[in-house]
Amino acid sequence: MSTTPPLDPLGHLADDLAQVRAQGLYRPLHVMSSANRTRVTVDGREAITLASNNYLGLNTHPRLIEASLDALRRFGAGSGAVRTISGTMALHEELETELARFKHVEAALTFQSGFTCNTGVIPVVAGEPDLIVSDAFNHASIIDGMRLSKAPRVIYRHKDVAHLRELLATARREGRADGQAYRAILVVTDGVFSMDGDIAPLPGIVAAAEEQGAAVFVDDAHASGVLGRNGRGSVDHFDLHGRVAIQVGTLSKAMGVLGGYVAGSRTLREMLVQRARPFLFSTSHPPAVAAACIAAIHVLEDEPELIERLWANTRRFKAELARMGFDTGVSETPITPVMVGDSAAAIRFADRLLDEGVWATSVVFPTVALDGARLRTIVTAAHSDEELDTCLDAFSRVGRELGLIAG
Ligand SMILES: Cc1ncc(COP(=O)(O)O)c(C=O)c1O
């Protein structure tokens, strides 16, 4: 029996959108007509931004700009193909050699973004015969990578090493549903958690994994260029070299450009080249991107004062917010959430700050829990003392006006 097709087969999109709006969760895009420096023009207004992941201000560093211009002139705007066909340029390989050297590992492989790196790597390193044990607050790209992997997975409470240990012991003792032992167990964690700015307890995680013969995978998207010597990441920060099998990093945040990379063994790299789907089926970085990323590594090595400045600014900003009475959650890094709770209140807070010339993004459900709405701020190495003062004044004024702090 034939049925009459609906007149608007995608009509549910409009309904879904109306629901998002009704819940007060609609997120407009703010449009910049300037570079993403500390002072930006956003939606036609001048503001100091606390909304970027540009930790070290490298996106406009002269050495990165020069390197990309040079590559653009010499090698063109695009790479022309996926890596495995004809899209591997000497610059891509040079970047990977430099990353491996920088991270003190055998080999590295780059992806178009940190997101595609996670969705590409996880399904290659874990599958149906394996188990993934994952922190409850891991990034969406890890979650998608795990889903694509088809590996069974269990979640440990956020940063709870005792819980992780328990789950690992159970997994070893009981094995898979069919009674067989797992082929491999992979413990997966963010190095720095992107919404709260807290650091994974990597020494405990590594010890727990070693006890049960599991491998560790750390996603250092927010630790790259921020933690460890010259920004080498959380493994370096905790001096765990050689004990973390897979380190993912991003080139899109502190490195100031775009991309993701995985650092580990030569075998890991070779297998990813054969099987990682975003590597096999999506065009490689434009040469200018690869060249700028190489320059970014060299800047990290040559200008350690940028990371010192990032941390000095961070300490000052956090201390002042706390002194005013704001709740900055559990952050230990430059990601400083300013907790609000209610989504509509967080959106209002961000709107009022923008009126006052300060851009801080509100983060609401579903990125965080329904009652966990917040502003997410990141000060960078590039912010001047005066710019931080201006931001802090605005937080104080608007916070009091909205009843978020006493005064
Ligand atoms: C933990 C984590 N992993 C991966 C990513 C994705 O990185 P990229 O922006 O390079 O795709 C992010 C960025 O939001 C992140 O916070």
Test: ALA181 is in the same structural domain as VAL121 (by TED's automatic domain parsing), within 30 Å of ALA295 (Cβ to Cβ) and either within 14 Å of the chain's Cα centre (by Cα) or in a loop (DSSP other than H, G, I, E, B) (or both) | no
Considering only residues of the range 350-407 that are in contact with a Pro (Cβ under 9 Å, 6 or more places away or on another chain) and hydroxyl-bearing (Ser, Thr, Tyr), which is nearest to LEU29 (Cα to Cα)?
-> THR377
ALA47 meets each of (1) within 20 Å of LEU353 (Cα to Cα); (2) under 20 Å from the mean Cα position of the chain (by Cα); (3) among the small types (Gly, Ala, Ser) with one exception, condition (2)
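Filter the range 178-206 down to residues that are small (Gly, Ala, Ser) and either crowded, with 20+ Cβ neighbours inside 10 Å or within 16 Å of the ligand (Cβ to nearest atom) (or both), then give me how many there are. It would help to see each step written out before you state the result.
Kept after step one, since they are small (Gly, Ala, Ser), are these residues of the range 178-206: 179, 181, 184, 191, 194, 197, 200, 204.
With the extra rule that they be either crowded, with 20+ Cβ neighbours inside 10 Å or within 16 Å of the ligand (Cβ to nearest atom) (or both), the set shrinks to 191, 194, 197, 200.
Total satisfying the criteria: 4.
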Would you check if there is a residue in the range 44-67 being touching a strand residue (DSSP E or B) at 6+ places or on another chain (Cβ under 7 Å), closer than 21 Å to HIS285 by Cα and among the polar types (S, T, N, Q)?
-> yes
Which ranges mark the helices (runs of 4 or more DSSP H) fully within the range 77-172 that have 3 or more residues being without any contact (Cβ under 8 Å) to a residue 60 or more places away in the chain and within 16 Å of the ligand (Cβ to nearest atom)?
-> 140-149
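The values are calculated or read from the model by the stated rules, or taken from the named source; none is laboratory data. Computed from a predicted model, the values in this text were never measured in an experiment. Note that each Cβ is placed from the backbone with ideal geometry, even for glycine, and that neighbours are counted across all protein chains shown.
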